[in-house]
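**Student:** Okay, here's the structure, questions in a sec.
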Amino acid sequence: VPLPKRYATQLPIPSVLQPVRTDGTTDYYEITARPGMARLVAGHDTEVWGYQGMFPGPTIESRSGRRTVVTHKNELPHPTVVHLHGGHTPHDSDGYPMDLIAPLGGGTGGPGAGGMAGMAGMGPATAKPERVYDYPMNQRAATLWYHDHTMGFTGPHVYRGLAGFHLVRDDEEAALGLPHGPRELPLMIADRAFAADGSFAYPALDPSEVKPGVQSAYMNGVLGDVILVNGAPWPVAPVDRARYRLRILNASNARRYRLELDPQPPGGGGLLQIGSDGGLLERPIAHDAIELASAERFDVVVDFSRYPAGSSVRLVNRLGSGSTAEVMRFDIGSAQVSDDSRVPGGTLAKVEKLDASKAVATRTFTFIKSQNNWTINGQGYQPGQSLASPKLGQVEIWRFVSDVHHPVHLHLDPFQVVRRNGDAPGEFDAGWKDTVDVLPAEGVEVAVRFTDYAGRFLVHCHNLEHEDMASMGEFTTQ
Ligand code: C2O
Ligand code: CU
Ligand code: CU
């Protein structure tokens with residue numbers, strides 16, 4: 001299929017969803033997952049499955065500490081589940097993979113007779129066409145995202161478009177005076193492949209229907225050859241000669257990126273990291289490049305006044321080649337503009353450091369391939385089977401070991417990387433994280449302390465094909 005022309009589209013910014021109702025303590029939202037159309041390939045419409053029919057879905061903005069209730073409806077021909085990634089959320093609203101929202105018309109739906117084989121036992125009797133997700137939002141300001149989490153179908157669902165931003169804001173952050181308004185850009189980066197008719201080319205909606213010839217590529221994780229930012233191929237963002245805050249999210253199913261500005265600004269350090277998955281860092285870190293695995297977020301400030309007026313800067317991917325080596329372009333205006341934003345050179349935020357020496361337990365989770373799926377400690381995902389029972393409020397060390405590359409994600413609470421291969425954390429491990437990039441044959445230790453909510457939560461690989469092929473486990477907090 002002819003690829004869309006590079007740098008032909010302006011960067012879209014997902015719209016901010018307005019609450020349908022608010023009261024003294026709570027904002028209420030409604031979102032419907034439904035098919036929609038996008039024009040990405042010349043001459044063809046691409047069907048997306050999107051929240052409100054859009055890819056990315058609309059952005060939700062919450063105040064820290066202000067309850068957010070989202071009623072998710074499903075008008076897709078397939079059951080769905082919604083997870084707020086990075087949310088500090090009780091089990092009931094966490095998007096447990098078996099807590100299905102039934103499709104339009106009821107039942108478990110599915111593309112064919114064998115289509116929902118993996119969902120046997122998840123009776124249509126209990127599934128409803130909508131579900132209310134109740135988020136207390138007792139957490140710091142951070143870049144969260146919501147996405148599908150359906151048992152065995154997260155990969156194909158997210159690939160079709162079921163992902164959106166959910167930003168949490170708080171007073172500590174607002175007081176800093178960071179770039180905001182039109183100078184704050186959420187960037188959802190996701191690769192896709194297109195079929196000749198313009199549709200997203202994913203091996204199969206149902207993993208059991210993947211053709212033998214592509215089985216092993218599928219098993220490693222689905223990669224596309226077109227990089228989309230906020231749903232647009234290689235877009236252009238017109239920017240002022242001023243500071244911009246870029247909230248970068250890798251929403252790709254399986255692709256990793258090493259992002260760099262090209263050219264680098266004089267003196268380098270063009271990507272000034274101010275935050276990670278779990279919100280602001282203690283102090284900014286200047287990077288020439290950042291590496292992001294699936295689901296990781298980097299909050300960076302770029303000062304375009306370091307570049308000549310009227311010049312262009314590309315965001316490039318040093319782990320890609322050909323069409324995947326380029327991500328987007330910024331076209332810098334030539335006008336003199338005012339910029340009242342600030343990025344404190346010293347302390348950005350108070351960040352509590354978990355004391356790893358006080359850990360009450362060390363647990364090892366080994367992510368390895370078995371014959372035809374991916375396992376944790378040799379075991380494929382079994383709903384209801386708990387791998388660990390951490391006590392709320394206590395620090396533990398969780399050790400993630402991998403064969404090939406696995407971005408490991410925990411639900412409920414973020415963690416801090418304490419060691420990588422017995423050594424200090426890596427240069428991209430700073431701050432509160434909820435997903436950590438575990439490289440081939442690595443061991444990464446994180447300090448984690450689960451809080452507030454007792455119940456069943458997930459630890460899994462965020463390569464979505466690995467996840468669908470059983471690289472997931474449950475832990476039960478108590
Ligand atoms: Cu973003 Cu359990 O996933
Ligand atoms: Cu999550
Ligand atoms: Cu994996």
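**Student:** Would you confirm whether any residue within region 381-397 is in contact (Cβ under 8 Å) with a residue 40 or more places away in the chain, within 23 Å of ARG297 (Cα to Cα), more than 16 Å from ligand 3 (Cβ to nearest atom) and outside the structural domain of THR154 (by TED's automatic domain parsing)?
**Tutor:** yes
**Student:** What's the number of the condition ASN463 fails, among (1) crowded, with 23+ Cβ neighbours inside 10 Å; (2) within 16 Å of ligand 1 (Cβ to nearest atom); (3) at positive phi?
**Tutor:** Only one criterion is unmet by ASN463, namely (3).
**Student:** Only one of (1) under 24 Å from the mean Cα position of the chain (by Cα); (2) part of a strand (DSSP E or B) is not met by ARG363, so which one is it?
**Tutor:** Among (1) under 24 Å from the mean Cα position of the chain (by Cα); (2) part of a strand (DSSP E or B), ARG363 violates only (1).
**Student:** For SER370, are the conditions met, namely being of a type in the set (Gly, Ala, Ser) and either in contact with a Ser or Thr (Cβ under 6 Å, 6 or more places away or on another chain) or within 16 Å of ligand 1 (Cβ to nearest atom) (or both)? Full working, then the answer.
**Tutor:** On the way: of a type in the set (Gly, Ala, Ser): yes; either in contact with a Ser or Thr (Cβ under 6 Å, 6 or more places away or on another chain) or within 16 Å of ligand 1 (Cβ to nearest atom) (or both): no.
So SER370 fails the test.
**Student:** Follow-up. Determine the pairs where a residue that is closer than 17 Å to ASN377 by Cβ, located within region 452-477, has a partner that is within 8 Å of ligand 3 (Cβ to nearest atom) and of a type in the set (Asp, Glu) with Cβ atoms under 8 Å apart, the partner being 6 or more residues away or on another chain.
**Tutor:** Short answer, once both residue conditions are applied: HIS460/GLU467; CYS461/GLU467.
**Student:** Can you pull out the residues in region 433-444 that are in contact with a Gly (Cβ under 8 Å, 6 or more places away or on another chain) and surrounded by fewer than 23 Cβ atoms within 10 Å (Cβ to Cβ)?
**Tutor:** Passing the criteria: only GLY443.
**Student:** Being under 21 Å from VAL436 (Cβ atoms) and acidic (Asp, Glu) is the filter; apply it to region 282-308 and report the residue that is farthest from the chain's Cα centre (by Cα). So that I can check it myself, show each step before the final result.
**Tutor:** Step one: of region 282-308, the residues under 21 Å from VAL436 (Cβ atoms) are 282-285, 287, 289-300.
Applying the additional criterion that residues be acidic (Asp, Glu) yields 282, 291, 296, 299.
On the way: GLU282: 22, GLU291: 14, GLU296: 6, ASP299: 13 Å.
Selected residue: GLU282.
**Student:** Can you name the residue in region 405-420 that is in contact with a His (Cβ under 9 Å, 6 or more places away or on another chain) and over 12 Å from ALA447 (Cβ atoms) and, of all such residues, is farthest from ligand 1 (Cβ to nearest atom)?
**Tutor:** In the first step, residues of region 405-420 are kept if they are in contact with a His (Cβ under 9 Å, 6 or more places away or on another chain); the result is 406-414.
From what's left, over 12 Å from ALA447 (Cβ atoms): 406-409, 411-412.
On the way: HIS406: 13, PRO407: 10, VAL408: 11, HIS409: 5, HIS411: 6, LEU412: 10 Å.
For region 405-420, the residue satisfying everything is HIS406.
**Student:** Return the pair list, or none, for Cβ contacts closer than 8 Å from residues in region 70-92 that are closer than 23 Å to ARG140 by Cα and outside any strand (DSSP E or B) to residues that are within 16 Å of ligand 3 (Cβ to nearest atom) and charged (D, E, K, R), at least 6 apart or on different chains.
**Tutor:** GLY86/ASP434
**Student:** Look at region 445-456 and say how many of its residues are surrounded by fewer than 21 Cβ atoms within 10 Å (Cβ to Cβ) and of a type in the set (A, V, I, L, M).
**Tutor:** 2
**Student:** So, one more: Among the residues of region 1-45, which ones are buried (at least 17 other Cβ atoms within 10 Å of the Cβ) and of a type in the set (A, V, I, L, M, F, W, C)?
**Tutor:** Matches in region 1-45: LEU11, LEU17, ILE31, ALA33, ALA38, LEU40, VAL41.
**Student:** Name the strands (runs of 3 or more DSSP E) wholly inside region 231-293 in which the number of residues that are polar (S, T, N, Q) is 3 or more. Outline the logic, then answer.
**Tutor:** On the way: elements: 236-239, 243-250, 257-262, 271-276, 279-287, 289-292.
Correct list: empty, since no element meets the threshold.
**Student:** If you don't mind, there's one more thing I want to ask. Which residue, of ARG256, ARG342, ARG306, ARG297, is in contact with a Gly (Cβ under 8 Å, 6 or more places away or on another chain), of a type in the set (D, E, K, R) and within 16 Å of ligand 1 (Cβ to nearest atom)? Steps first, answer last, please.
**Tutor:** Details: ARG256 fails: in contact with a Gly (Cβ under 8 Å, 6 or more places away or on another chain); ARG342 fails: within 16 Å of ligand 1 (Cβ to nearest atom); ARG306 fails: within 16 Å of ligand 1 (Cβ to nearest atom).
Unique residue meeting the criteria: ARG297.
**Student:** Quick check on region 209-222. Is at least one of its residues surrounded by 17 or more Cβ atoms within 10 Å (Cβ to Cβ), under 24 Å from PHE165 (Cα atoms) and touching a Leu at 6+ places or on another chain (Cβ under 9 Å)? So that I can check it myself, show each step before the final result.
**Tutor:** At the first step, the residues of region 209-222 found to be surrounded by 17 or more Cβ atoms within 10 Å (Cβ to Cβ) are 210, 218-219, 221-222.
Subset that is under 24 Å from PHE165 (Cα atoms): 221-222.
Filter once more, so that each one left must be touching a Leu at 6+ places or on another chain (Cβ under 9 Å): 221-222.
Yes; the residues of region 209-222 include at least one that is surrounded by 17 or more Cβ atoms within 10 Å (Cβ to Cβ), under 24 Å from PHE165 (Cα atoms) and touching a Leu at 6+ places or on another chain (Cβ under 9 Å).
**Student:** Suppose we keep only residues that are within 16 Å of ligand 3 (Cβ to nearest atom) and closer than 21 Å to THR476 by Cα within region 412-441. Which one would you say is farthest from the chain's Cα centre (by Cα)? First the steps, then the outcome.
**Tutor:** Narrowing region 412-441 to residues within 16 Å of ligand 3 (Cβ to nearest atom): 434-441.
Now restrict to residues that are closer than 21 Å to THR476 by Cα: 434-436.
Values: ASP434: 10, THR435: 9, VAL436: 12 Å.
It comes out as VAL436.
**Student:** Using the structure shown, decide if ALA204 is surrounded by fewer than 21 Cβ atoms within 10 Å (Cβ to Cβ), of a type in the set (A, V, I, L, M, F, W, C) and under 17 Å from ARG6 (Cβ atoms).
**Tutor:** no
**Student:** What number of residues within region 447-460 are within 16 Å of ligand 1 (Cβ to nearest atom) and either more than 16 Å from the chain's Cα centre (by Cα) or among the acidic types (Asp, Glu) (or both)?
**Tutor:** Step one: of region 447-460, the residues within 16 Å of ligand 1 (Cβ to nearest atom) are 448, 450, 453, 455-460.
With either more than 16 Å from the chain's Cα centre (by Cα) or among the acidic types (Asp, Glu) (or both) added as a condition, the list becomes 448, 450, 453, 455-457.
Result for region 447-460: 6.
**Student:** Now a separate question. Any idea how many residues of region 3-44 are part of a loop (DSSP other than H, G, I, E, B), touching a strand residue (DSSP E or B) at 6+ places or on another chain (Cβ under 7 Å), modelled with pLDDT under 95 and of a type outside the set (Phe, Trp, Tyr)?
**Tutor:** The number of residues fulfilling the criteria is 4.
**Student:** Can I ask one more? Could you check HIS157 against (1) within 20 Å of TYR51 (Cβ to Cβ); (2) within 15 Å of ligand 1 (Cβ to nearest atom); (3) part of a loop (DSSP other than H, G, I, E, B) and say which number it fails?
**Tutor:** (3)
**Student:** Is it the case, given these coordinates, that GLU427 is farther than 27 Å from ASP148 by Cβ, modelled with pLDDT of 95 or more and assigned to a strand (DSSP E or B)? Don't jump to the end; show me each part of the working.
**Tutor:** On the way: farther than 27 Å from ASP148 by Cβ: yes; modelled with pLDDT of 95 or more: yes; assigned to a strand (DSSP E or B): no.
When the stated conditions are applied, GLU427 does not pass them.
**Student:** Quick check on this structure: which one of SER321, SER341, SER357 is surrounded by fewer than 16 Cβ atoms within 10 Å (Cβ to Cβ) and either under 29 Å from VAL229 (Cβ atoms) or of a type in the set (A, V, I, L, M) (or both)? Reasoning before the result, please.
**Tutor:** Working: SER341 fails: surrounded by fewer than 16 Cβ atoms within 10 Å (Cβ to Cβ); SER357 fails: either under 29 Å from VAL229 (Cβ atoms) or of a type in the set (A, V, I, L, M) (or both).
Just one listed residue meets the conditions, SER321.
**Student:** Among the residues in region 381-390, are any closer than 23 Å to MET137 by Cα and crowded, with 23+ Cβ neighbours inside 10 Å?
**Tutor:** Here is the first cut: in region 381-390, the ones closer than 23 Å to MET137 by Cα are 390.
With crowded, with 23+ Cβ neighbours inside 10 Å added as a condition, the list becomes none.
No, every residue in region 381-390 fails to be closer than 23 Å to MET137 by Cα and crowded, with 23+ Cβ neighbours inside 10 Å.
The values are calculated or read from the model by the stated rules, or taken from the named source; none is laboratory data. None of the values given here were measured: they were computed from a predicted structure. So basically every Cβ, Gly included, is an ideal-geometry build from the backbone, and we count neighbours across all protein chains shown.
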